[in-house]
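Chemist: Take a look at the following structure, please.
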Amino acid sequence: MRKLTWSALCIVLVSLMLWTDSPGLAATKPTEVEDLRQELERTQTQLKELTTKMQELQERLQQVEATKVDGEPVAPPPPETPSRPAMLQVPLGQRQLLLDVGITGDFVAAFVEGEEKTPRGAGTFPGRENRVFPQEVELAITGRVDPYARADFFFEFAEEGEIEATNGSFEVGRQLEVGIDEAYVTLLQLPLGLQARGGQMRPKFGRLNVVHQHDLPQVDRPNVLVNFLGEEGESEVGAELSGLLPTPFFQELSIGVYNGDNEVSFGKGEITDPLVTAYLRNFFELSDASALQVGLSGQTGPNEQDRRTVLAGLDLTYKWTPLEQPYTALTLQGEGLYSHHETKADDKDRFGAYIFGDYRFSRRWGVGTRVDWSEFPIVSGREWAVGPYLNFWLSDFLRFRLEYKHTDRNFAGNLDEVFLQTVFTLGHHPPHEF
């Protein structure tokens, strides 16, 4: 190929020399001479490009011949991997700020008819009976920090009620609370496929503690979760490590260490004597349209009396979604909790559970019912409740819910409530887990 290249170049150059020395060239007009000169320059440029391409082809041919072993071609070595991702090599001033931002509003109108208020409050939302209030307005900001980590921030605005006992009577107050529900960073690429979270977050304990208020399957949290962990559940500051276990089915183990600021069951709030949590999630795909999740959870930590509190839970979730009907879904879910609360006087062993069925039968409509039964972690007493509800989706970003709840406490009689909830989202909304 090299001989052919040089022969072609020599023939072209000799032809050009003979042509430029021809006697007819002198008689050519100036404009024609200029045109011929431009044509010559274009020809020389084309020759240079042709020479460069032929050299590249020859080098590629030599590389292919050099990679042959016993007549079999060998793949060329892969290109060198940079020591760090290209994103990190970009100067900081040139990086783009890529964030997902969303705002969700959750407003509830609560209508209560029943007995007089008790020290625990008459209604599901103490201090906010017979009024419309923002149960939660959430600002969510999420995004990648770098290829190795992501960050999540959830700011919460909500109206909270307060009931104080004074000289045998009860004073009801309300205030608008503004705070951080969650703010944590997640390390995504740890050894052995592990992931770690650090900051303020909802510990993986039970099925619904990690679910934000507006994403709950009903207007309120189940009574047992409110009695054992508070109306808004647990949000703690600490760190958590999670990873998949080497089993033939999906099995994830999460272990966390936190301050233990929860005022209902814990409350000491010292990392030197932390709240320790563990959650084992097991997932089974029963068919193309159905799946089952079983969770085992536990917590232990010091309480405000500098004694120990232990919580243990079991949750089951079954979902059925036919492939030919994408908007049809059936969810059956239940969870039971056990609390062992030590005090200076004695130990308290309490139980509680809930179960509900939720059926979405069309794109816009769904119905469900939840049944609660719970004791209280420290004081004596128990309650049960039943709450049917109706869901209506105007779109995936706007939902209305009408719910009735009947509560029977063995220390305060019956209570009937009606809730009307409106939930709307603007912007990004993180996807839900199973």
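The values are calculated or read from the model by the stated rules, or taken from the named source; none is laboratory data. A quick note: this is a predicted structure, and the numbers were derived from the prediction, not measured. Neighbour counts are summed over all protein chains in view; Cβ atoms, including those assigned to glycine, are modelled from backbone coordinates with ideal geometry. Remember, those area values only see protein heavy atoms, side chains included, never the ligands or the DNA or RNA. Shrake-Rupley method; radii C 1.70, N 1.55, O 1.52, S 1.80 Å.
Chemist: Assess whether Val178 counts as being under 30 Å from the mean Cα position of the chain (by Cα), within 22 Å of Glu403 (Cα to Cα) and either modelled with pLDDT of 95 or more or surrounded by fewer than 15 Cβ atoms within 10 Å (Cβ to Cβ) (or both).
Modeler: No; evaluated as a whole, the condition is false for this residue.
Chemist: Tell me which of these Gln299 doesn't satisfy, since it passes every other one: (1) open to solvent by 30 Å² or more (accessible area, probe 1.4 Å); (2) modelled with pLDDT of 95 or more; (3) within 26 Å of the chain's Cα centre (by Cα).
Modeler: It fails just one condition, (1).
Chemist: Which one of the conditions (1) β-branched (Val, Ile, Thr); (2) under 30 Å from Arg144 (Cβ atoms); (3) touching a strand residue (DSSP E or B) at 6+ places or on another chain (Cβ under 7 Å) does Val210 fail to meet, given that it meets all the rest?
Modeler: Unmet for Val210, out of (1) β-branched (Val, Ile, Thr); (2) under 30 Å from Arg144 (Cβ atoms); (3) touching a strand residue (DSSP E or B) at 6+ places or on another chain (Cβ under 7 Å): (3).
Chemist: Mind listing whichever residues of segment 217-235 are of a type in the set (Asp, Glu) and open to solvent by less than 50 Å² (accessible area, probe 1.4 Å)?
Modeler: Across segment 217-235, the qualifying residues are Asp220, Glu234.
Chemist: Which condition does Lys204 not pass, out of (1) more than 25 Å from Pro246 (Cα to Cα); (2) buried (at least 19 other Cβ atoms within 10 Å of the Cβ); (3) within 17 Å of the chain's Cα centre (by Cα), if it passes all the others?
Modeler: (1)
Chemist: May I pose another question? Kindly evaluate Asp261 against the criterion of being touching a residue at least 12 places away in the same chain (Cβ under 8 Å), more than 24 Å from Gly199 (Cβ to Cβ) and either in contact with a Gly (Cβ under 6 Å, 6 or more places away or on another chain) or not hydroxyl-bearing (Ser, Thr, Tyr) (or both).
Modeler: No; evaluated as a whole, the condition is false for this residue.
Chemist: I've got another one for you. Working carefully through the options Gly267, Gly256, Gly260, Gly238, find the one that is within 28 Å of Ala385 (Cβ to Cβ) and open to solvent by less than 60 Å² (accessible area, probe 1.4 Å).
Modeler: Answer to the check: Gly267.
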